[in-house]
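Student: Okay, handing you the structure first.
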Amino acid sequence: MIIPKRSSGLLLHITSLPSRFGIGDMGPEAYKFCDLLVEAGQRYWQILPLNPTEHEYGNSPYSSHSAFAGNPLLISPELLQQDGLLQTKDLETDQSFPEDRVDFKAVAKYKIALLKKSYAFFKSELPDVIWKDFTQFQKTHRSWLDDFARFSAYKAHFHHKSWVEWPQEIKYREEGAMQELDDELSEKIEFEEYLQFLVYRQWQKLKNYCNQKGIIFLGDMPFYVSHDSADVWANPKYFKLDRDGNPTAVSGVPPDYFSETGQLWGTPVYDWEVLQKHHFDWWIQRIEHNLQLFGLLRLDHFRAFSAYWEVPAGEETAIKGNWVKSPGDEILKIIKQKHHPMPIIAEDLGEIDQPVRDLIHKFDLPGMLVLLFAFGDDISNNPYAPHNHKVNSIVYTGTHDNNTVRGWYEKQASKEDKHRLSEYSNHKLNADNVADVMMHLALGSVAQLAILPVQDVLRLGADAVMNVPSTIDKNWEWRLKDKQFAQQQVKHLLEMTAIYGRCDTEKTSINNL
């Protein structure tokens, strides 16, 4: 079992931390949050993917132009100032940002200008230690960094057009043409590498600090990558594309109870035959890369490791797709040879068939249990209901794709749902106490790990939702306000965690709480 003892943690993406720069980052507030997790008896900090986001795709961390790069918006200006890569006056600004939401456009404009200033200072001063670290970073990450930096610089040079619209010689990666363009854009390419250096430098420092404090990061890896990405441009043979580089088939999920037409995601699907001939090198590299970043890794859309829904390109809905078997078993075998037990969690929510369950069982992976799904008609047999939970699982009140518990109670739950939850928990429920009741059910579960979204710890309503699937507006924007998560919540969380045996009882006596 990859989770060695009964424990718990909180779900909060880095962008949701407080910050005076308009978006949560890897600076002082991240360290403060780690300290609060320790005080609250927690062992895990779950976050969303760290990849770069794009405004055209609704700023979703699940839609990125790189499977390997980090998001420059997460770079802390305060840490740059501490490293001598910005001056104190550079951090002074008259610009104000919303305290409780991320205005991605405004933040990107402000931060990129600040990062360009840092790069100019770096180039002019060439500080010895940091320059050596930078050149070492370039060597260590060359397998993906070169193409990512090129892609980003080329894309800006070609007026942000998709790579399939670039000049033929660049689109098809002719060596001489690329070298010529590299020479022309050398400084812009190096700037992109510098940004990645800063992201990874700050992430490693934060990760080391958290690990020293006993906090483990639970990260997240999307299954698919965007078509207009460095990965597809650099490795077109690994995707089902036509001669012009456009997808011949795209991803999605079939029609179900929630959607008559299914969901059409539109990302290109993999050419597994070609990947297999190359021993799944890109996939293995990607998973290994993420396992370097996190202590535990959640594989999003895990059911696609068994079979995925493939839709012919050009379809307007996902109706006319079909299931295609994928070689997840072979990929996981390779990972298992290097990591045993595998520090991997299967995102097994939604319609899951027996082959998916068999794959999860074969590799002894913990799955996910979401309490918001537990109180429907057939509660006695519902796998999400606490009495049906399994030890090798992770229980959630809800995830980043769900309403908050309070929001669900106030806006989504039927009278019957509320009645069943009330009977099950033996509590008279209202909007003020329902989150606490649900958190007690999660922490009391036999599941080895319990994860609580911070929004539920704070008993927040629907206006604190992180993401509403199948919509693009106002998602991924929610943020903690300064001191919103503080000692009152820490004490309450520690009490609940200790009662249910999820924190170190040698350090925490329930009688002394």
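Student: Could you list the residues of the stretch 220-249 with an amide nitrogen less than 17 Å from a label point located 7 Å from the Cα of Asp146 in the Cα-to-C-beta direction?
Tutor: 230-236
Student: Could you calculate the contour length gain from Met178 to Gln285, that is, 0.36 nm times the residue separation minus the distance between their Cα atoms, to one decimal place in nm? Don't jump to the answer; show the numbers that get you there.
Tutor: On the way: separation 107, 0.36 × 107 = 38.52 nm, distance 2.44 nm.
Once the chain is fully extended between Met178 and Gln285, it gains 36.1 nm.
Student: If you look at just the Cα atoms of the chain, how large are its Rg and its Dmax in Å?
Tutor: 23.2, 72
Student: Relative to the Cα centre, what is the charge dipole magnitude of the chain, using +1 at the beta carbon of each Lys and Arg, -1 at the beta carbon of each Asp and Glu, and rounding to the nearest 20 debye? Please report the intermediate quantities before stating the final value.
Tutor: On the way: 55 positive and 71 negative charges, 299 e Å.
Taking the Cα centre of the chain as origin, the dipole is about 1440 debye.
Student: Here's a follow-up. For the pair Lys188 and Asp358, what calculated FRET efficiency results from E = 1/(1 + (r/R0)^6), where r is the Cβ-Cβ distance and R0 = 60 Å, to the nearest 0.05? Intermediate results must be reported in sequence, preceding the final value.
Tutor: Details: r = 49 Å, r/R0 = 0.81.
Working from the Cβ atoms, E equals 0.80.
Student: Moving on. Let me test this: with uniform point scatterers at the alpha carbons of the stretch 111-201, what is the Debye-based log₁₀ I(q)/I(0) at q = 0.16, 0.22, 0.23 1/Å?
Tutor: -0.69, -1.15, -1.21
Student: Express the Stokes-Einstein translational diffusion coefficient of the stretch 224-275 in µm² s⁻¹, to the nearest whole number, given a Kirkwood radius over alpha-carbon pairs, 25 °C and a viscosity of 0.890 mPa s.
Tutor: Taking Rh from Cα pairs, D becomes 209 µm²/s.
Student: Then there is this: Convert each backbone phi in the stretch 9-22 into a coupling constant with the Karplus relation 6.51 cos²θ - 1.76 cosθ + 1.60 (shift: θ = phi - 60°), then list the ³J(HN,Hα) values in order as whole Hz, x for Gly and Pro.
Tutor: x, 10, 9, 7, 6, 4, 5, 8, 6, x, 5, 7, 9, x
Student: Taking just the C-alpha trace of the stretch 377-507, give me its Rg and Dmax in Å.
Tutor: 15.2, 47
Student: Still on this structure, please answer the following. Mind giving me the nanometre distance, one decimal, between the label points for Lys161 and Ala120, set 7 Å out from Cα along Cα→Cβ?
Tutor: 3.0
Student: Also, I was wondering about something else. Rounded to the nearest 500, what is the 222 nm mean residue ellipticity of the chain from helices alone, with -39500 (n - 2.57) per DSSP H run of 4+ residues and division by all residues? Walk me through the intermediate numbers first.
Tutor: Values: 17 runs with 193 residues, N = 513.
That calculation yields -11500 deg cm²/dmol at 222 nm.
Student: Please give me the summed charge of the neighbours of Val356: other residues whose Cβ is under 10 Å from its Cβ, Lys and Arg +1, Asp and Glu -1.
Tutor: On the way: positive: Arg303, Arg357; negative: Asp348, Glu351, Asp353, Asp358.
Summing Lys/Arg as +1 and Asp/Glu as -1 gives -2.
Student: Scan around Ala307 for amide H atoms under 5 Å from its own, H built in the peptide plane at 1.01 Å from N, and keep only partners 5 or more places away or cross-chain.
Tutor: Those qualifying (amide H under 5 Å, at least 5 residues apart or on another chain) are Ser326.
Student: Sticking with this one: I'd like the antiparallel share, as a percent to the nearest 5, of DSSP beta bridges with both residues in the chain.
Tutor: Working: 14 of 39 bridges.
Around 35 percent of the beta bridges assigned by DSSP in the chain are antiparallel ones.
Student: Can you check how the C-alpha radius of gyration of the stretch 382-421 compares to 2.2 N^0.38 Å, as a plain ratio? Please report the intermediate quantities before stating the final value.
Tutor: Numbers: Rg = 11.7 Å, N = 40, 2.2 N^0.38 = 8.9 Å.
Ratio of Cα Rg to 2.2 N^0.38 Å: 1.31.
Student: Residue-wise, which Karplus ³J(HN,Hα) couplings in Hz belong to the stretch 133-140, taking 6.51 cos²θ - 1.76 cosθ + 1.60, θ = phi - 60°, and x for glycine or proline?
Tutor: Once rounded to whole Hz, the list reads 4, 5, 5, 5, 4, 4, 5, 4.
Student: Here's something else I'd like to know. Non-local amide H neighbours of Gln46 (under 5 Å, H modeled in plane, Pro and chain starts lacking H): which ones?
Tutor: Amide H neighbours of Gln46, under 5 Å, 5+ apart: Leu10, Leu11, Leu12, Leu218.
Student: While we're looking at this one, here's another question. Under a Cβ-Cβ cut-off of 14 Å, what is the net charge of the residues other than Ala177 that fall near it, where Lys and Arg count +1 and Asp and Glu count -1?
Tutor: Working: positive: Arg150, Lys171, Arg173; negative: Glu169, Glu174, Glu175, Glu180, Asp182, Asp183, Glu184.
Charge balance in the 14 Å sphere: -4.
Student: Tell me which lysines have Cα within less than 28 Å of Lys428's Cα, excluding those fewer than 8 residues away on the same chain?
Tutor: In chain and number order, the partners are Lys390, Lys411, Lys415, Lys418, Lys491.
Student: Now, a different point. Using only the Cα atoms of the stretch 213-370, each taken as one equal point scatterer with no solvent, compute I(q) by the Debye sum, divide by I(0), and report log10 of the ratio at q = 0.18 Å⁻¹.
Tutor: The calculated log intensity ratios at q = 0.18 Å⁻¹ are -1.20.
Student: Separation between the Arg243 and Lys338 pseudo-spin-labels, each 7 Å from Cα along Cα→Cβ, expressed in nm?
Tutor: Distance between label points: 3.8 nm.
Student: Return, ordered by residue number, the residues of the stretch 148-192 whose backbone nitrogen is under 14 Å from a label point located 7 Å along Cα→Cβ of Gln95.
Tutor: none
Only the coordinates and a few stated rules stand behind these numbers; no lab work does. Values in this document were obtained by computation on a predicted structure and should not be read as measured data. FYI the Cβ positions are ideal-geometry reconstructions off the backbone, even for glycines, and counts take in every protein chain you see.
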